[in-house]
1. Residues being closer than 19 Å to L443 by Cα and either open to solvent by 40 Å² or more (accessible area, probe 1.4 Å) or assigned to a loop (DSSP other than H, G, I, E, B) (or both): count how many of those fall in segment 602-638.
2. Identify the single condition in (1) closer than 25 Å to L255 by Cα; (2) open to solvent by 30 Å² or more (accessible area, probe 1.4 Å); (3) among the β-branched types (V, I, T) that I359 does not satisfy, given that it satisfies every other one.
3. I need the full set of residues from segment 320-354 which are over 35 Å from the mean Cα position of the chain (by Cα), more than 19 Å from L255 (Cα to Cα) and open to solvent by less than 10 Å² (accessible area, probe 1.4 Å), in order please.
4. Looking at Q199, Q253, which is the one that is on the phi < 0 side of the Ramachandran plot and open to solvent by 50 Å² or more (accessible area, probe 1.4 Å)?
5. Give me the residue from segment 656-699 that is open to solvent by 30 Å² or more (accessible area, probe 1.4 Å) and small (G, A, S) and, out of that set, modelled with the lowest pLDDT.
6. Would you pick out the residues in segment 502-518 that are open to solvent by less than 30 Å² (accessible area, probe 1.4 Å) and in contact with a Leu (Cβ under 7 Å, 6 or more places away or on another chain)?
7. Can you go through N758, N730, N708 and tell me which one is open to solvent by 50 Å² or more (accessible area, probe 1.4 Å) and either within 23 Å of R440 (Cβ to Cβ) or not hydrophobic (A, V, I, L, M, F, W, C) (or both)?
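The values are calculated or read from the model by the stated rules, or taken from the named source; none is laboratory data. This one's a predicted model, so the numbers in the text were calculated from it and none came from an experiment. Cβ: placed from backbone, ideal geometry, glycine included. Neighbour counts: every protein chain shown. Areas reflect the complete protein model, heavy atoms only, side chains present, ligands, DNA and RNA absent. Shrake-Rupley method; radii C 1.70, N 1.55, O 1.52, S 1.80 Å.
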Amino acid sequence: MNRLLHGPQEEDKKMAYHKVNADQRAQGHSPYLDNDDLQATALELEWDMEKELEEPGFDHFRLDGAVQHHLGNSQSPDLDLEPIQPSTSPKGRFQRLQEDPDYISHYTRQAPKNNRCNFFQILKVFCTALIVFIFGIVIGYYSGKKCPSPPASPEPNNPHTYHEILKEIKAENIQQIYRDLLQFSREDDVDTAMKILVQWTSYGLEDVQLVNYSVLLDLPGSSSNTITLKNSGECFYPDGQQCNRGTKTLHSQDLLYSYAAYSAKGTLEAELVDVQYGTIEDLIRIQAITNVTKKIALLKLGQSPLLYKLSLLEDAGFGGVLLYVDPCDLPKTTDLADKAFMVSLNSGGDPSTPGYASIDGSYRQHRLNLTTLLVQPISAVLAKKIISVPENSIQKDRCVPLQLPSTEKKIISLNIQSVTTYRTISNVIGYLKGTVFPDRYVLIGSHHSSLNTSSGQEWASSTAIITAFIQALMLKVKRGWRPDRTIVFCSWGGTSFGNIGSYEWAEDLKRVLQRNVVAYVSLHNPVRGNSTLHPIASPSLQQLTAESQSFNCVEKTKCPGSNVSSVQIQGDSDYFINHLGVPAMQFSYEDINKSENSSFLSEALFPVHATKTEELDPSFKLHETIAKLTGQVTLQIANEPVLPFNALDIALEVQNSLKVLIGDKVDASQLLAVASQLRDTAELFQSDEMRPANDPKERAPIRVRMLNDVLQSLEKSFLVQQAPPGLYRNILYRLDERTNQFSVLLEALEHYKLHQSNETIQAALSEVLNSISSAQVYFKAGLDVFETTLAGKK
């Protein structure tokens, strides 16, 4: 308003001001004002400000401007109006005004002489702020509605939370699920898997997938295999029925599935040779008295893995095998003497794609059989007929093992006709995503019916238990809880043919699983008896497995005092233990068996029917116990901030396995020295790293993650490159409860008896030594990383 009153005089002053400032800029050139337009604009702005400062009502600006100049240039304490002169600093006064739009707008408008203008300006700012505030609240509300943040997980190590979940697992629920599963037990594998998927999804499991693979299966032919006694001309089916009689119609499918999958096909007529359990001693004894080439071995199941014994018989030159279970090796509570069974000669996975996944485009090896031997399982009743055991020789007070008299010569004709074909098997995989470590997986696996195999209804127990656990877990999830780590639920197909479903899935996702899987919890055949609880776990999980038993029986009158052992187990845990080095565990109920030869009898898949399962556990309380024990272990692994693995137990297991090797043929001194170093390092790791990390006051997230990365790979060092057929590559697992040595060393010592060569022993010793040394280096490297991290922080 003042400018309008001054007229031409104002223009003269303005032109003079421009001239003075142009001279000053010629002397103190600023790179920020090179442009002529900018210089003109700056001069206009400074002239306006100069005039405004001359007007009354601006006394307060003189002080403010002086203070700002003092702060910007500490060398000039003068509080006069000198700041009006252009600054020669890299960020001159003009540029600072450009960077502060509020400052410019305030001093380029008309002088605020009217208080009413001040009031409206304040009101405008207030209204703007209020609108922005309300708008922010609205946006936050609706964005929160659309993208809800996951609820905070409760305290991970919280027994009360576990109890709330596990109390929802009830025997009657498992029984109902079991009976529902039996309604589609005779359907195709894909249909069965699809119904399991629908059931899991109905309980609220969000991400459930059906994963199919086309694999090579060896299926029975249209008629049963036969065994003919040439001495008498009698023909028998595998269960002992004579061929000239009509087969049983009630369980005819069981008769067809009394065979050895992937056996050689054809007909073989030869002398029968009793090799008992097929041990090295048995072979040495037999080969000393007869030529065994192309003969048929009468072999008992048990004592050592079937594939290992068959490899010995094949190397010795046998042409065929009759396989049976001696009644003396079975628990007294079982009645399986008149039943034949199925076995698989497949070590694992699809035989047409060994070592890689059966995905579209994969090269297929059409392998009709996996052995040159014609193998046929038979019942104990048929074995007695072949041996010609007289009835009066059976003693009621004690069991006499079956044995073919050495004086008798039996000629047997074997006729084996199975069909090799490609079929689709399906896995059901369900994910419950974790909130803290979603990229770390705890796998829990059962299996479902596969193509009407001899295993009958036993799969329904396994599937019913895992389904009941999912049901209880999802009730808690619906109330806002989630695990810290991702839990992966697996129902495998093709288990009875050699764990095909689990092998193919794991080979398909091998790189991901090697990095992400922390543990595998098995539900393979959880109720195979009702006498005793039999927990099995890898050394790093033994302590957790033992503690979970006491947790489950706090409210009961007596606690099962079962010892936890690290022995070979059947089922789909195979790939995860032997190829990925993942810690694994399993609970199961079994019948008490005092026979020393009872190990590996579970390789025989006897037909199990619904009535048998109901007889073993009529109230389904055993199923409930297995479900709760399994659930307890799974929840702890999935939720503990630090993985509940015990490094020291591994070192102790190694030392105990080596102490029994001291002898003439084995110099274990170097092994014992390395094992001692491993124990020392493990003790240091346990005390210096794991104990502080388990204290919430000392727990740092990055430190916990580093520690867990070390813990989840503890057992990978103990995978040897090669192991004899049927033996674990993971040397931490013993053959059975009777043996304490590493299985590869035990086999090497047995091999020495047969071939009198030290090469196998030395090779096995080298494998074990490298494994122990690798584990010790791994522990040491983990300690060094922690020390380096701590030093860096300090």
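1. Adding up the residues that qualify gives 1.
2. (1)
3. The answer is G320, D326.
4. Q253
5. Out of the qualifying residues, it is G663.
6. A506, L513, V517, V518
7. The conditions single out N758.
Here's the yes/no breakdown for (1) touching a strand residue (DSSP E or B) at 6+ places or on another chain (Cβ under 7 Å); (2) among the aromatic types (F, W, Y); (3) closer than 16 Å to V321 by Cβ; (4) surrounded by 13 or more Cβ atoms within 10 Å (Cβ to Cβ):
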site: V211; (1), (2), (3), (4): yes, no, no, yes
site: V215; (1), (2), (3), (4): yes, no, no, yes
site: I227; (1), (2), (3), (4): yes, no, yes, yes
site: E234; (1), (2), (3), (4): yes, no, no, yes
site: Y237; (1), (2), (3), (4): yes, yes, no, yes
site: Y259; (1), (2), (3), (4): yes, yes, yes, yes
site: Y262; (1), (2), (3), (4): yes, yes, yes, yes
site: L268; (1), (2), (3), (4): yes, no, yes, yes
site: E271; (1), (2), (3), (4): yes, no, yes, yes
